[in-house]
Every structure is written in structure tokens, then in C-alpha cells.
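Here is the structure we will look at.
Nothing in this text is a laboratory measurement; each read-out follows from the coordinates by a stated rule. These numbers were taken from a predicted model, which means no experiment stands behind them. A quick note on method: Cβ atoms are made from the backbone with ideal geometry, for glycine too, and the neighbour counts reach across all protein chains shown.
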Amino acid sequence: MKIIEVIADAIYIDSIKNIAKKNDASDYWVVSSEDEERKVVRILVKREQRQIIMDALQEILSNNLSARVVVISVEATLPREEILEKEVEKTSAAETTREELYDSIGKNARLNRTYLLLIFLSTVVVAIGLLKDNVAVVIGAMVIAPLLGPNLAMALGTALGDTDLMWKSFKTGLAGMSLALVLSIIIGFLWPMNVESQELLARTYVGLDSAVLALASGAAAVLSLTSGIPSVLVGVMVAVALLPPTATLGLMLGAGQTELAYGAAFLLAVNIVAVNLSAKLGFLIQGIKPRTWLEKQKAKQSMTSYIIIWVMTLATLLVVIYFHPDFIK
């Protein structure tokens with residue numbers, strides 16, 4: 001359960017109460033305030049009620065520029081809530097509102113010093129793990145690398161028709177991949193190459209199973225976020241990490257191993273395309289979409305276009321891989 005706190009002009013209080021009553025909110029109350037012009041209303045809601053109530057509040061408060069809506073987590077309530085016998089109408093299959101998703105996923109699109117520092121450190125760690133054939137070190141680098149975040153943010157931007165978020169995510173992802181690749185090339189040039197490392201060689205081949213794994217992992221990431229179980233993301237980051245193939249590509253290029261670099265490049269491309277495709281489909285299936293009709297139309301057009309582009313790109317990569325047996329393991 002969560003509390004939706006609404007701070008608005010006093011004239012909106014009755015409308016806010018009506019929204020709480022109409023949608024069978026568990027409870028609601030007006031908080032006393034010294035400001036007579038603005039009031040605070042708190043609404044205790046179950047997860048299936050949140051998006052409906054949030055949409056209704058945005059509808060009535062759209063002209064109140066000073067209004068603010070805050071979602072507050074609730075650890076427990078007494079008495080215990082009983083399951084409603086009445087079936088509550090759902091706007092989507094997701095248990096997390098689009099606003100909460102935007103806040104949690106959108107921050108992954110920020111290109112800042114912390115993001116670049118994490119990319120730098122994780123690249124150094126994964127490069128050492130690959131060259132030393134140490135699977136534990138490689139997994140550790142997968143967990144701390146933030147490369148999956150911008151891809152999920154781009155998929156969310158597509159679902160919401162938010163071009164600003166899509167563009168920010170693209171720039172952040174590109175900057176991270178570029179930094180990891182350049183740093184890996186430098187390490188590959190300076191560090192003796194260990195061509196017997198199984199962890200390294202495993203990232204120089206790609207097959208149909210790689211595409212299936214990336215598709216499943218991208219969908220699992222979206223499901224975990226929309227259902228409010230972010231801990232699953234750790235497993236996703238390990239299952240379809242983008243950093244190891246990027247580092248492998250750089251290490252091979254730095255060492256002059258161009259043939260093996262081709263395989264790593266194809267594995268990286270398949271992972272990126274498959275993750276983005278399945279994430280977009282995941283948001284679509286979960287019913288994550290904008291609130292207004294016009295925004296929904298824009299999002300529908302962008303979602304259709306991007307899904308077609310990603311499907312065609314993935315199909316092209318798989319055809320090339322299938323007819324180039326040197327890349328298949």
C-alpha cells in the first residue's frame with residue numbers, strides 16, 4: 001500500500017475527496033494546515049488503485065500550477081487490509097504507476113560523473129576478470145555496470161512517447177558504451193592477451209540462444225520494475241550483461257585480434273537489440289502508456305515504428321550470424 005499526498009488549493013479539496021470515495025480508497029484524511037489557501041489531503045491506496053487515482057488527480061489539478069502530488073511508501077498498516085471482493089478496474093497490468101516508473105527508470109538516463117565513474121571502474125574490473133579467466137570478478141563487474149539502465153529508460157520513453165527521455169537515454173547509453181570500448185582498447189593494447197581465457201573466448205561467439213536469452217532478460221527486467229520487485233534486476237544484469245562483450249570487443253581490437261573482435265561485436269549488437277525490443281514489448285504488454293489521448297496516439301506511433309525497426313535489425317543480425325558459421329558456437 002501507499003499514501004498519495006495531495007497539496008492543492010482549498011477549492012479542490014472536495015473534488016479530491018470525491019476521487020478517493022469513487023475509487024474505494026482504503027482511507028483518506030485532510031491534514032491540518034496553517035495555510036488557509038492550500039490544504040493537504042492524504043489518500044491510503046492499494047497498488048491496483050494507484051494509477052487510476054493518480055490519473056484522476058492529474059485531470060482535476062491540471063490548471064492548478066501550485067499543486068503537488070507525492071507518493072509515499074507504507075511499510076505496514078493496522079488493522080490489516082482485507083482483500084476487496086469487488087473487482088477493481090485496472091488501467092494496466094502493472095502494479096507500479098507510470099510516474100513511479102519514470103522516477104525510478106528515468107534517473108538511469110542521466111549522464112553525470114557518477115555514471116561515467118561506474119562505467120570506468122566496472123570496465124577495469126571486467127577486463128581483469130576476462131583476462132584472468134575469473135568468472136567471479138566478471139560477475140561482480142556485471143552487477144556494478146550501469147549500462148542496462150539507459151536501454152530500459154529508452155524503452156520507457158518509447159512507451160510514453162517521451163522524445164526527451166529517449167534522446168537522453170540514447171546519449172547516456174552511447175557515452176557509456178564509448179567509454180567502456182575506448183578504455184578496453186587501451187587495456188588490450190597495454191596488457192598481454194590471454195587467448196586461453198574461457199571467459200574471454202565465450203564472448204567472441206554468438207548463437208540463436210544468445211538472442212533468446214537477451215529477449216527473455218529484457219522482458220524480465222520490465223516485469224520486475226512494473227511489478228515492484230527491483231531485486232530481480234540483479235539477475236537480469238548478470239544474465240544479459242552488456243559490459244563483458246563491449247570489453248571483449250575492445251580488448252580484441254587493442255590486441256589486434258580482429259577476427260575474434262567481429263564475434264564480440266555481433267554478440268554485443270544482438271544483446272542491445274534484443275534487450276531493447278523485449279523491453280518495449282514488455283511495457284506495451286503491461287499497459288504502460290501516457291494519460292491523455294494525444295500523448296497515447298504519439299506513443300502508439302513511436303512504439304510501432306521502433307518495434308518494427310528493432311525486429312528488422314534483429315532479424316538481419318540473426319541472418320548474418322546464421323550464414324557466417326565462424327561466429328556461431
Problem set entry | Of (1) 63, 39, 35; (2) 72, 37, 37; (3) 57, 48, 41, the label for Cα extents along the principal axes in Å derived from the coordinates | (2)
Seminar exercise, completed: In terms of the alpha carbon gyration tensor, root eigenvalues a ≥ b ≥ c, rounded if a/c is under 1.5 and otherwise prolate when a/b exceeds b/c or oblate, region 96-251 is prolate
Problem set entry | Cα lying deepest toward the dipole's positive end in region 98-327, options MET166, PHE323, ALA141, charges on Cβ | MET166
Exercise. Which of the listed residues, THR248, GLN58, THR226, is farthest toward the dipole's positive end in the chain, when Lys, Arg count +1 and Asp, Glu count -1 at the beta-carbon?
Worked result: THR248
Exercise. How large is the dipole of the chain about the Cα centre if only Lys and Arg carry +1 and Asp and Glu carry -1, each at its Cβ, rounded to the nearest 20 debye?
Worked result: 480 debye
Problem set entry | Taking the chain and dividing mean pair separation by its residue count, relative contact order in percent (alpha carbons under 8 Å, at least six apart) | 18 percent
For this session: Can you put LYS280, LYS298, LYS168, LYS22 in order of Cβ neighbours within 10 angstrom, beginning with the fewest?
Result: LYS22, LYS298, LYS168, LYS280
Seminar exercise, completed: When MET1, MET312 are arranged by how many other beta-carbons sit within 10 Å of their Cβ, fewest first, they go MET312, MET1
For this session: Quick one: angle between helix 293-322 and the longest Cα principal axis of the chain, in degrees between 0 and 90, rounded to 10, please.
Result: 20 degrees
Exercise. What is the total of Lys pairs in region 98-327 with C-alpha atoms under 28 Å apart, excluding same-chain pairs fewer than 8 positions apart?
Worked result: 23
Seminar exercise, completed: For region 2-73 (alpha-carbon point model, no solvent) the Debye-based log₁₀ I(q)/I(0) at q = 0.17, 0.23, 0.27, 0.28 Å⁻¹ works out to -0.53, -1.00, -1.37, -1.47
Exercise. Summing -39500 (n - 2.57) over the DSSP H runs of n ≥ 4 in the chain and dividing by its residue number, what mean residue ellipticity at 222 nm do you reach, to the nearest 500 deg cm²/dmol?
Worked result: -20500 deg cm²/dmol
For this session: Note the angle between two axes, namely the Cα long axis of helix 47-61 and the longest principal axis of the Cα atoms of the chain, as a number of degrees from 0 to 90, rounded to the nearest 10.
Result: 70 degrees
Seminar exercise, completed: Taking a ≥ b ≥ c as the square roots of the eigenvalues of the Cα gyration tensor, with a/c under 1.5 meaning rounded and otherwise prolate when a/b exceeds b/c and oblate if not, region 161-233 is oblate
